[in-house]
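Each reported figure results from applying straightforward, stated rules to the coordinates on display, with no laboratory input. Everything numeric here is computed off the predicted structure, so don't read it as measured data. Heads up, the Cβs are rebuilt from the backbone with ideal geometry, glycines too, and the neighbour counts pull from every protein chain shown.
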Amino acid sequence: MALYLVQHGKSLPKETDPDPGLSDAGIAETRRIAETAVRYGLPVKEIRHSGKTRARQTAEIFSEALSPEKGLQEREGLKPMDDVTVLSPELSPGQDLMLVGHLPFLSRLAAYLVAGRTEPPVLRFQNSGIVCLDKAPEDPWWVMVWTLMPRIS
């Protein structure tokens, strides 16, 4: 039972579109990570995304691979500059929830859940990568359990 944070896949340049979708490389990388997550038996019950095209497309790829029982939903509060303290009280490890969003939001959320502050970052996200956080009911802070990243360098 956990919380999975995913930065959207690599996107097309913003010069071509103010709300760019995933690039071919971003689609391929996201599919590769999603297939790896399936092989590990990732128990995702629900996937929520910011609604921006690149996050929605990333979430759709993960949803197709993982088939979450509660499906895929757009969610307010996951955009790059949104306030992490608004969303954090709604999160619990029993949800097996995947959030697909953007930086700096995801970086701030991870730092806030793990250390109770939004800066400095506690880890470096990668496009299409998954960060797994978990928390015991009696503990005030979440802990980072594992990451699955496209690149190890």
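If you take all other residues with their beta carbon under 13 Å from the beta carbon of Lys52, and give Lys and Arg +1 and Asp and Glu -1, the sum is 0. Over the chain, what number does the Rg to Rh ratio reach, with both radii from the alpha-carbon atoms and Rh per Kirkwood? Reported Rg/Rh, Kirkwood definition of Rh: 0.94. Within the range 3-148, DSSP assigns beta bridges of which about 45% are antiparallel (rounded to the nearest 5). Among Thr58, Thr85, Thr36, sorting on how many other beta-carbon atoms sit within 10 Å of each Cβ, with the fewest leading, yields Thr85, Thr36, Thr58. Overall, the chain carries a charge dipole of about 340 debye about its Cα centre when +1 sits on the Cβ of Lys and Arg and -1 on the Cβ of Asp and Glu, all other atoms neutral. The Cβ shell under 12 Å around Leu12 holds other residues with a net charge of -1, Lys and Arg each +1, Asp and Glu each -1.
Each of Arg124, Arg31, Arg56 was scored by other Cβ atoms within 10 Å of its Cβ. Listed from fewest to most, they are Arg124, Arg31, Arg56. Once the other residues with Cβ under 11 Å from the Cβ of Asp82 are scored (Lys, Arg +1; Asp, Glu -1), what is the net sum? Every neighbour counted, the sum reads +1. When the Cα positions of Leu87, Ala37, Pro13 are compared along the charge dipole of the range 2-106, Ala37 comes out farthest toward the positive end, with charges on each C-beta of Lys, Arg, Asp and Glu. Name the residue, out of Thr53, Thr118, Thr16, whose mean-square fluctuation peaks in a Gaussian network model built on the chain with Cα pairs under 10 Å. Looking only at Thr53, Thr118, Thr16, the biggest GNM fluctuation is shown by Thr16.
Only DSSP H runs of four or more residues enter the estimate; each adds -39500 (n - 2.57), and after division by the residues of the chain the mean residue ellipticity at 222 nm equals -9000 deg cm²/dmol. When Ser23, Ser92, Ser128 are arranged by Cβ crowding within 10 Å, least crowded first, meaning fewest neighbours, the order is Ser92, Ser23, Ser128.
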